[in-house]
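Asks: Pasting a structure here, questions to come.
The values are calculated or read from the model by the stated rules, or taken from the named source; none is laboratory data. On a predicted model such as this, the values are computed, not experimentally measured, just so you know. Positions of Cβ are generated from backbone atoms using ideal geometry, with glycine treated the same way; all protein chains shown enter the neighbour counts. Ligands, DNA and RNA are excluded from the accessible area calculation, which covers all protein heavy atoms including side chains. Shrake-Rupley method; radii C 1.70, N 1.55, O 1.52, S 1.80 Å.
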Amino acid sequence: MKNLFTSILIFTLVSLASAQNINDYKYIIIPETYEFTGDRDQYRLNSLTKFLFEQNGFNTFMKNGDKPEELRKNTCLGLQTKVEENSGLFVTKLTLKLVDCNGQIIFQ
């Protein structure tokens, strides 16, 4: 029983130490178009995403727009936004994911 408790405690500490936070990143990069939309900034989703992140205090940039020199040199300072469509017949569901440069999902 003591070994089980010790192994659970170690596993919990390791997982907490390796977890990343959205505040560890300096920039959020928003694409010009999402995969499920056909046109650039269709339904104004991209500009709305940028506006909402900026309203909450994040530094956001469009993927093809001007970026600071620091972000151009090290793209791992920013998180990429991805939106997945999980729509049904009568419901439209969108899931926002923030992905780091290694492809790991930081926030969903």
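Asks: If I ask for residues that are under 17 Å from residue 34 (Cα atoms) and either out of contact with any helix residue (DSSP H, G or I) (no Cβ under 7 Å at 6 or more places or on another chain) or open to solvent by 50 Å² or more (accessible area, probe 1.4 Å) (or both), which ones from the stretch 84-99 would you list? Walk me through it before giving the result.
Replies: Going through the stretch 84-99, the residues under 17 Å from residue 34 (Cα atoms) turn out to be 84-87, 92-99.
Correct list: 84, 85, 86, 87, 92, 93, 94, 95, 96, 97, 99.
Yes/no per residue for (1) under 12 Å from the mean Cα position of the chain (by Cα); (2) in a helix (DSSP H, G or I); (3) β-branched (Val, Ile, Thr):
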position: 20; (1), (2), (3): yes, no, no
position: 29; (1), (2), (3): yes, no, yes
position: 32; (1), (2), (3): no, no, no
position: 39; (1), (2), (3): no, no, no
position: 43; (1), (2), (3): no, yes, no
position: 47; (1), (2), (3): no, yes, no
position: 53; (1), (2), (3): yes, yes, no
position: 57; (1), (2), (3): no, no, no
position: 64; (1), (2), (3): no, no, no
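Asks: Please list, ordered by first then second residue, the pairs with beta carbon atoms under 7 Å, 6 or more apart or interchain, first in the stretch 49-60 and farther than 15 Å from residue 23 by Cα, second of a type in the set (Ser, Thr, Tyr).
Replies: Final answer for the pair search is 49/81; 50/60.
Asks: Additional query: Going residue by residue through the stretch 73-86, is there one that turns out to be under 17 Å from residue 20 (Cβ atoms), among the β-branched types (Val, Ile, Thr) and part of a helix (DSSP H, G or I)? Spell out the reasoning first.
Replies: We begin by selecting, within the stretch 73-86, every residue under 17 Å from residue 20 (Cβ atoms); these are 74-82.
Restricting the remaining residues to those that are among the β-branched types (Val, Ile, Thr) gives 75, 81.
Now narrow it down to the ones that are part of a helix (DSSP H, G or I): 75.
Within the stretch 73-86, one or more residues are under 17 Å from residue 20 (Cβ atoms), among the β-branched types (Val, Ile, Thr) and part of a helix (DSSP H, G or I).
Asks: Do you know which of the residues in the stretch 50-84 that are more than 15 Å from residue 97 (Cβ to Cβ) and of a type in the set (Gly, Ala, Ser) is modelled with the highest pLDDT?
Replies: 57
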